[in-house]
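Student: Can you read through this structure? Questions will come right after.
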Amino acid sequence: MFSLIRKNYQELSFNQDYQKWIDSNGELPFPNGESKAEFIKRSMRGFRQLLEEVKDSTKPLTIAAVVHGGTIMSIASSILGKDYYDYQVRNGEYIIL
């Protein structure tokens with residue numbers, strides 16, 4: 001069992017690991033976590049799996065994936081080719097691919 005500790009950026013501002021992550025533009029992995037590159041790879045694996053599941057449909061489909069902003073940034077930057085941070089969305093916003 002683990003305990004979940006939530007902190008905002010202000011509470012983390014004195015944490016050296018958090019500051020290293022900020023200074024790396026989010027490239028370094030979180031302590032005991034994955035790097036941005038690993039996260040993008042995992043997000044794209046899930047997106048490809050979604051597409052694989054619907055590829056044999058005999059009728060046109062509209063697919064909606066309800067995901068958090070990091071996942072949107074991962075998939076959009078991989079498909080559309082701009083920088084990861086070019087695809088930041090606010091809560092409730094979306095991107096059509």
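Student: Looking at (1) closer than 21 Å to D86 by Cβ; (2) under 16 Å from the mean Cα position of the chain (by Cα); (3) not polar (S, T, N, Q), which is the one condition that is false for D23?
Tutor: Just one mismatch for D23, condition (2).
Student: Same structure, new question: Using the structure shown, decide if R6 is closer than 19 Å to I95 by Cα and of a type in the set (D, E, K, R).
Tutor: no
Student: While we're here: Among residues belonging to the stretch 10-69 that are surrounded by 13 or more Cβ atoms within 10 Å (Cβ to Cβ) and outside any helix (DSSP H, G or I), point out the one that is modelled with the highest pLDDT.
Tutor: For the stretch 10-69, the residue satisfying everything is V67.
Student: Let me ask you something else. Filter the stretch 74-85 for residues that are assigned to a helix (DSSP H, G or I), under 16 Å from G26 (Cα atoms) and either modelled with pLDDT of 95 or more or charged (D, E, K, R) (or both) and give the result.
Tutor: Selection gives S74, S77.
The values are calculated or read from the model by the stated rules, or taken from the named source; none is laboratory data. As the structure is a prediction and not an experimental result, all values here were calculated from the model. Counting neighbours? That spans all protein chains shown, and the Cβs are built from the backbone with ideal geometry, glycine included.
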